[in-house]
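Asker: Quick one: structure below, then a few questions.
The values are calculated or read from the model by the stated rules, or taken from the named source; none is laboratory data. Keep in mind that this is a model prediction, so the values were computed, not measured. Here the Cβ positions follow ideal geometry from the backbone for every residue, glycine too, while neighbour counts run over all protein chains shown.
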Amino acid sequence: MSHTLFFLVHFLQKIPVKIQYFEQERDMIVNRLETDTLKEIKSACACLFSEAAAKSDRFLETLSIDMVKRAYRRNARVHHPDMKGPHAVNEVTSDRFLAIQHSYEVLVGFLEERNPASGIAMSGGKIIAVGGAKGGIGKSVISANLGIYLASLGLKCVLVDLDLGGSNLHLYLGYRSILQHTINDYLKKRVDSLEDVMIQSEYGPILIGGDSSELGSANIDFMKKMKLIKAINAIEADCIILDLGGDTSYNILDFFLQADHGIVVTTRDSASYIGAYHFLKAAMYRKLNRLSGMESRSGEEKNTSMESFIRQVTTSDNGQGSRTISELIAATRDEHPEYLSTVMKAVWGFNPYLIVNRVPHGTGPEEVAGKIQNVAKRWLAREIRLLGSIGRHPDVERSAIDLVPAIVRYPKSPFSMEIAAIAKRLLTPGNR
Ligand SMILES: Nc1ncnc2c1ncn2[C@@H]1O[C@H](COP(=O)(O)OP(=O)(O)O)[C@@H](O)[C@H]1O
Ligand SMILES: [Mg+2]
């Protein structure tokens, strides 16, 4: 197919989907506003952002308080009378600043009142990490579609591509070419903050994308990783989804462990579910080995005695093979009862979820989930909860080719329902 024909077909394919999707959302917010209120909100957008932003209903749908605050600061830096010097202040400059202040109040008032998500919020923390020790099992597909679904409910959702060596999350949000800004710009200090590399995707979520084609992008050192984790924690959003790479390197485990909800994805293939179990085990052992010292989340003083004790009982080079978590707890009770509560707290706090993906038609997730749950119970002393299962759907494969997210193209499909069911389990009604 010639290039022109290909793009024409692609374009025509996209139109009805986008119209349907956006019309649906327009119904949600813009249509609910009185004409005068909408006019005032649009003129506030024009003042703080641009005329183009004011004309776009889509812009209004995705506007957040955080965006308004940033725009206010940006405008105030230029137009605040204190910034102009005494001679430059006149009626025009003061009026401009008053208009900026008024616009800020109008937009913040509107956004605070707006309750598109009918009072829903993430249950138990906003950061979700999607991992699993293998590539090609659907981590990025799930991250992207879950993010789009949560954003369509009105949550401000940020998707972060943390597969630094194999970034492709942007493809699942429809970006074919290399992004103008990526997380590499932040890691390599070409920009100051993560906000500078955020891209408002057309399907709802904000994207912090990656570019693995840049040499060295996957090799970030300890300090950079810690800085990145801190910056991610500070993102103002209702929900942040971390799409992880498919291995058990320390960086990936640490991204996984700092999330409020860790999700391990597996398929029914042996390599995938054995990998999923290895991932769970590596994550638990990494968590325990991080309990003392610089890397601990609580920032406690380094406790070298506890560190060497835990290292000794969790590593296999002591000639005995690695021990089960129950054995580790027993050894702690016997040898260092003073560390027992810290160790128990860490073990109890390890509560990842499982998603079984690409489940063939006519079968269920139970067999694979059961295998992982049994091994985890025996070795890690934890119950791993099944968050959901997703069938093998040709529309997901198709969307990976034409790059229109499956949940957007087929909002009523079984895949979309499965993603919605997973999202619902992560949401708490009534506590926004
Ligand atoms: N539920 C599914 N049904 C059909 N194909 C799927 C499904 N989930 C993922 N895929 C396919 O698997 C491929 C790899 O998915 P991806 O999310 O990129 O994997 P990972 O991020 O784990 O490396 C995608 O191109 C998609 O076609
Ligand atoms: Mg991926």
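Asker: Within 16 Å of ligand 2 (Cβ to nearest atom) and either more than 13 Å from the chain's Cα centre (by Cα) or free of Cβ contacts under 8 Å to residues at least 24 places away in the same chain (or both): does that describe TYR175? I'd like the intermediate steps shown before the answer.
Answerer: Details: within 16 Å of ligand 2 (Cβ to nearest atom): yes; either more than 13 Å from the chain's Cα centre (by Cα) or free of Cβ contacts under 8 Å to residues at least 24 places away in the same chain (or both): yes.
Yes, satisfied.
Asker: Could you list, in sequence order, the residues of region 354-383 that are of a type in the set (Gly, Ala, Ser), crowded, with 20+ Cβ neighbours inside 10 Å and within 16 Å of ligand 1 (Cβ to nearest atom)? Reasoning before the result, please.
Answerer: If we filter region 354-383 for residues that are of a type in the set (Gly, Ala, Ser), which is where we start, we get 362, 364, 369-370, 376, 381.
Checking the rest, the ones that are also crowded, with 20+ Cβ neighbours inside 10 Å come to 369, 376.
The answer is ALA369, and nothing else.
Let's see how each residue does on (1) closer than 26 Å to ILE148 by Cα; (2) among the small types (Gly, Ala, Ser); (3) assigned to a helix (DSSP H, G or I):
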| position | (1), (2), (3) |
| --- | --- |
| LEU171 | yes, no, yes |
| TYR186 | yes, no, yes |
| TYR203 | yes, no, no |
| GLU214 | no, no, no |
| PHE255 | yes, no, yes |
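Asker: Being within 16 Å of ligand 2 (Cβ to nearest atom) and either under 18 Å from GLY124 (Cβ atoms) or of a type outside the set (Gly, Ala, Ser) (or both) is the filter here; which residues of region 225-249 pass it? Steps first, please.
Answerer: Step one: list which residues in region 225-249 are within 16 Å of ligand 2 (Cβ to nearest atom), which gives 241-249.
If the condition is that a residue be within 16 Å of ligand 2 (Cβ to nearest atom) and either under 18 Å from GLY124 (Cβ atoms) or of a type outside the set (Gly, Ala, Ser) (or both), then ILE241, LEU242, ASP243, LEU244, ASP247, THR248 are the ones that fit.
Asker: Any residue at all in region 219-237 that's under 22 Å from GLY138 (Cβ atoms) and part of a loop (DSSP other than H, G, I, E, B)? First the steps, then the outcome.
Answerer: Within region 219-237, the subset under 22 Å from GLY138 (Cβ atoms) is none.
No, region 219-237 has no match at all.
Asker: Determine whether ILE142 is β-branched (Val, Ile, Thr), touching a strand residue (DSSP E or B) at 6+ places or on another chain (Cβ under 7 Å), within 16 Å of ligand 2 (Cβ to nearest atom) and farther than 19 Å from ALA406 by Cα. Quick ask: steps written out before the conclusion?
Answerer: Working: β-branched (Val, Ile, Thr): yes; touching a strand residue (DSSP E or B) at 6+ places or on another chain (Cβ under 7 Å): yes; within 16 Å of ligand 2 (Cβ to nearest atom): yes; farther than 19 Å from ALA406 by Cα: no.
No.
Asker: Could we say that GLY131 is within 16 Å of ligand 2 (Cβ to nearest atom) and at pLDDT 95 or above here? Step through it out loud before you land on a result.
Answerer: On the way: within 16 Å of ligand 2 (Cβ to nearest atom): yes; at pLDDT 95 or above: yes.
It is true that GLY131 is within 16 Å of ligand 2 (Cβ to nearest atom) and at pLDDT 95 or above.
Asker: Scan region 45-64 and tell me whether some residue there is modelled with pLDDT under 70 and either surrounded by 14 or more Cβ atoms within 10 Å (Cβ to Cβ) or outside the structural domain of ASP402 (by TED's automatic domain parsing) (or both). Don't jump to the end; show me each part of the working.
Answerer: First, pick out the residues of region 45-64 that are modelled with pLDDT under 70: none.
No, there is no match, as no residue in region 45-64 is modelled with pLDDT under 70 and either surrounded by 14 or more Cβ atoms within 10 Å (Cβ to Cβ) or outside the structural domain of ASP402 (by TED's automatic domain parsing) (or both).
Asker: Give the residues of region 216-257 that are within 16 Å of ligand 1 (Cβ to nearest atom) and of a type in the set (Ser, Thr, Tyr), sorted by residue number.
Answerer: Once the filter is applied, which keeps residues that are within 16 Å of ligand 1 (Cβ to nearest atom) and of a type in the set (Ser, Thr, Tyr), region 216-257 yields THR248, SER249.
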